[in-house]
1. Which values of log₁₀ I(q)/I(0), to two decimal places, follow from the Debye formula for the chain at q = 0.15, 0.23 Å⁻¹ with a uniform point scatterer at every Cα?
2. Sum up the charges of everything whose Cβ sits under 14 Å from the Cβ of PRO21, counting Lys and Arg as +1 and Asp and Glu as -1, but leave PRO21 out.
3. Considering only protein heavy atoms and a probe of 1.4 Å, how much of the accessible area of segment 1-49 is carbon and sulfur, as a whole percent?
4. Relative to the longest principal axis of the chain, what angle (0 to 90°, nearest 10) does the C-alpha long axis of helix 3-15 take?
5. Name the residue from ILE43, SER2, SER23 whose Cα lies farthest towards the positive end of the charge dipole of the chain, charges +1 on Cβ of Lys and Arg and -1 on Cβ of Asp and Glu.
6. Before I look further, what does the chain give for accessible area per residue, probe 1.4 Å, in whole square angstrom?
7. How much length, in nm to one decimal, is gained on full extension between SER28 and ILE5, taken as 0.36 nm per residue of separation minus their Cα-Cα distance?
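The values are calculated or read from the model by the stated rules, or taken from the named source; none is laboratory data. Worth saying up front: this structure is predicted, and the values here are computed from it rather than measured. Cβ: placed from backbone, ideal geometry, glycine included. Neighbour counts: every protein chain shown. Heavy atoms of the whole protein, side chains included, go into the accessibility calculation; ligands, DNA and RNA do not. Shrake-Rupley method; radii C 1.70, N 1.55, O 1.52, S 1.80 Å.
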Amino acid sequence: MSQPIIDAKLGIIDKCNRKSPFSAAAVSLVKTKLAEPWLQSVIPNLDLTP
């Protein structure tokens with residue numbers, strides 16, 4: 001897997017962390033994309049609870 005993809009996935013995980021100031025917006029966006037194939041490997045690492 002290329003480094004930019006790895007970085008993007010880590011960024012999503014970081015932004016969905018409740019300690020992130022972007023958490024609410026990131027979780028809201030990710031919830032609309034749950035069926036996307038590229039996101040499937042990241043979903044288990046995300047905190048998507050409100």
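1. Listed by q, the Debye log ratios stand at -0.35, -0.81.
2. Around PRO21, the charge tally is +2.
3. Ligands and nucleic acids excluded, carbon and sulfur give 64 percent.
4. Helix 3-15 and the main axis of the chain meet at about 10 degrees.
5. The listed residue farthest towards the positive side: SER23.
6. 73 Å²
7. Extending this stretch completely gives an extra 6.2 nm.
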